[in-house]
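Before any comments, here is the structure.
The values are calculated or read from the model by the stated rules, or taken from the named source; none is laboratory data. Not measured: the values here are computed from a predicted model. Heads up, the Cβs are rebuilt from the backbone with ideal geometry, glycines too, and the neighbour counts pull from every protein chain shown.
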Amino acid sequence: MSKVLVLYYSSYGHIETLAEAVAEGARSAGATVDVKRVPETAPLDVAKAAFFKLDQQAPVAAVADLANYDAIIVGTPTRFGRISSQMATFLDQAGGLWMSGALNGKVGGAFTSTASQHGGQETTLFSVITNLLHFGMVIVGLPYSHQGQMTLDEIVGGAPYGATTIAGGQGQRQPSAIELEGARHQGALIARTANKLFA
């Protein structure tokens, strides 16, 4: 079966929670899954003053790790409608992998969070997907087979381009049951795609 990396950055734990759900979905499809996070680039005193969640259990990834997986699912919060600087810094160091073609043909996907319902979820997903396409990866999003993203009964994240959650302006909202199901659904789809490509 395929090897899947769920690679994320999370300031306040929302993306960390989604990452675990994505991993759960990938494991349900039979993949071997690792969850890793990218290094924090904010100075420690700044991170503490902003109440960042610094006690995350996932090990910190190295750029070279990316070549060891059949699929890489990238999660990052939005920063003004685009990828976070922490994730961008990490991916910017992958030039050697790009040059060697080490990621060509691997499966990729993206997930994100925003403070508000219209806070740039889709543009952030596209900013991740753009990176993955430059690496030569095959992209799997979150199709409408996850019907929860179509509900009108509650505010909910999710887009055809990837799983999302809405955190609230103060980070007060945690991923909902529908959003977590979307993350699991995407993780399973990506793992099944990788299983077929790398069987």
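General remarks:
- Checking each residue in the stretch 151-198 for being free of Cβ contacts under 8 Å to residues at least 24 places away in the same chain and either assigned to a helix (DSSP H, G or I) or among the small types (Gly, Ala, Ser) (or both) picks out 176, 177, 196.
Each row is one residue, and each column tells you yes or no for (1) over 13 Å from the mean Cα position of the chain (by Cα); (2) buried (at least 17 other Cβ atoms within 10 Å of the Cβ); (3) outside any strand (DSSP E or B).
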| position | (1), (2), (3) |
| --- | --- |
| 81 | yes, no, yes |
| 89 | yes, no, yes |
| 96 | yes, no, yes |
| 113 | no, yes, no |
| 127 | no, yes, yes |
| 133 | yes, no, yes |
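- Of the residues 130, 124, the single one that is within 19 Å of residue 82 (Cα to Cα), without any contact (Cβ under 8 Å) to a residue 24 or more places away in the chain and out of contact with any helix residue (DSSP H, G or I) (no Cβ under 6 Å at 6 or more places or on another chain) is 130.
- For beta carbons closer than 7 Å, sequence separation of 6+ or different chains, a first residue in the stretch 136-150 that is of a type in the set (Gly, Ala, Ser) and a second that is surrounded by fewer than 17 Cβ atoms within 10 Å (Cβ to Cβ), the qualifying pairs are 136/101; 136/104; 136/105; 141/160.
- Evaluated against (1) surrounded by 12 or more Cβ atoms within 10 Å (Cβ to Cβ); (2) in a helix (DSSP H, G or I); (3) charged (D, E, K, R), residue 45 falls short on exactly one condition, (1).
- Condition check for residue 89: modelled with pLDDT of 95 or more, touching a helix residue (DSSP H, G or I) at 6+ places or on another chain (Cβ under 8 Å) and polar (S, T, N, Q): no
- Whichever residue in the stretch 10-28 is assigned to a loop (DSSP other than H, G, I, E, B), more than 11 Å from the chain's Cα centre (by Cα) and small (Gly, Ala, Ser) and, among such residues, is surrounded by the most Cβ atoms within 10 Å (Cβ to Cβ): 11
- Inclusion of residue 117 among residues that are in contact (Cβ under 8 Å) with a residue 12 or more places away in the chain, assigned to a helix (DSSP H, G or I) and more than 19 Å from residue 7 (Cβ to Cβ) is not warranted.
- Residue in the stretch 68-85 that is on the phi > 0 side of the Ramachandran plot and either in contact (Cβ under 8 Å) with a residue 40 or more places away in the chain or among the aliphatic types (A, V, I, L, M) (or both) present: yes
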